[in-house]
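K.L.:
Submitted below is the structure of interest, expressed as structure tokens.
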Amino acid sequence: MGRGATHGRRRQDDDVELAARERDEELVQSLYAEHAEGLLLYVLRLTGGDRQRAEDVVQETLLRAWRHAHELSASGRTSLRPWLVAVARRIVIDGYRSRKARPPETDDAPLATVATADETERVLQLLVLADAMRGLTAAHREAVFETYFRGRTVQEAAETLGLPVGTVKSRVYYALRALRIALEEQGVTA
């Protein structure tokens with residue numbers, strides 16, 4: 001076979017492909033012209049008036065008809081409308097089912113209306129207090145921690161620390177005095 005025969009076959013293949021594309025284009029145009037409006041009205045009812053969704057369903061339905069055109073024409077149907085309606089209905093149902101299968105989307109807008117306390121000041125106070133506590137001796141820190149942070153009485157703190165009550169009292173007194181001075185130096189006033 002020569003070059004001319006190969007070139008001729010390519011040209012024939014190109015012509016066949018071009019003719020097929022033109023037929024497809026004509027089919028799509030005729031499907032839209034003949035069925036799009038009626039199908040859209042039907043699907044609008046199925047989607048509760050959601051035009052965007054209905055248009056998407058009609059487009060998908062007509063696309064499926066185009067993809068299955070050879071099967072539809074071979075089946076000898078006189079009208080495509082029943083097939084299109086059934087396909088559109090299935091697409092709507094499938095969409096509904098897939099939305100129900102997914103967890104609902106949430107919006108964080110309601111969180112903006114929830115009143116929350118601003119804890120910034122409290123956190124800053126705790127940081128300043130922790131810094132002042134580090135300035136105390138370990139013995140004074142223990143006494144303050146047991147009485148103020150654990151809420152124990154002087155008697156209970158003395159028992160826990162294994163110290164006489166008077167020692168715990170004096171440690172708490174001197175620790176609080178040292179804390180007051182340290183906090184005043186940092187600009188904290190009562």
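The values are calculated or read from the model by the stated rules, or taken from the named source; none is laboratory data. Everything quoted here is computed from the prediction, not taken from an experiment. A quick note on method: Cβ atoms are made from the backbone with ideal geometry, for glycine too, and the neighbour counts reach across all protein chains shown. Heads up: the accessible areas ignore ligands, DNA and RNA and are worked out on the full protein's heavy atoms, side chains in. Shrake-Rupley method; radii C 1.70, N 1.55, O 1.52, S 1.80 Å.
K.L.:
Keeping the other protein chains in place, figure out the carbon and sulfur percent of the accessible area of the chain, with a 1.4 Å probe.
P.N.:
Heavy-atom surface of the chain belonging to carbon and sulfur, 1.4 Å probe: 53 percent.
K.L.:
Probe 1.4 Å, all protein chains in place: accessible area of residue 118 in Å², nearest 10?
P.N.:
Ignoring ligands and nucleic acids, residue 118 comes out at about 120 Å².
K.L.:
Rule-of-thumb check for the chain: C-alpha Rg over 2.2 N^0.38 Å?
P.N.:
2.57
K.L.:
Tell me the GluC sites (Glu not before Pro) within segment 110-147 that lie in a loop according to DSSP and have at most 14 other beta-carbon atoms within 10 Å.
P.N.:
Passing sites in segment 110-147 are 119.
K.L.:
Still on this model: Along Cα→Cβ, 7 Å out, is where each label goes; now give me the distance between the ones at residue 14 and residue 51 in nm to one decimal.
P.N.:
In this crude label model, residue 14 to residue 51 measures out at 4.5 nm.
K.L.:
Largest first, how would 35, 140, 68 line up by accessible area (1.4 Å probe)?
P.N.:
Greatest to least solvent exposure: 68, 140, 35.
K.L.:
With a 1.4 Å probe and all protein chains left in place, how much accessible area per residue does the chain have, in Å²?
P.N.:
Each residue of the chain exposes 75 Å² on average to a 1.4 Å probe.
K.L.:
Highest first, please rank the peptides 42-51, 90-99, 170-179 by the mean number of other Cβ atoms sitting within 10 Å of their residues.
P.N.:
Result, highest mean Cβ count within 10 Å first: 170-179, 42-51, 90-99.
K.L.:
Starting from the 7 Å offset along Cα-to-Cβ, what nm value, one decimal, do you get for the label separation of residue 71 and residue 125?
P.N.:
7.4
K.L.:
Can you give the convex hull volume of the alpha carbon atoms of segment 107-156 per residue, in Å³?
P.N.:
Dividing the Cα hull volume of segment 107-156 by its residues yields 117 Å³.
K.L.:
Full-extension gain between residue 167 and residue 188, please, as 0.36 nm times their residue separation minus the C-alpha to C-alpha distance.
P.N.:
4.7 nm
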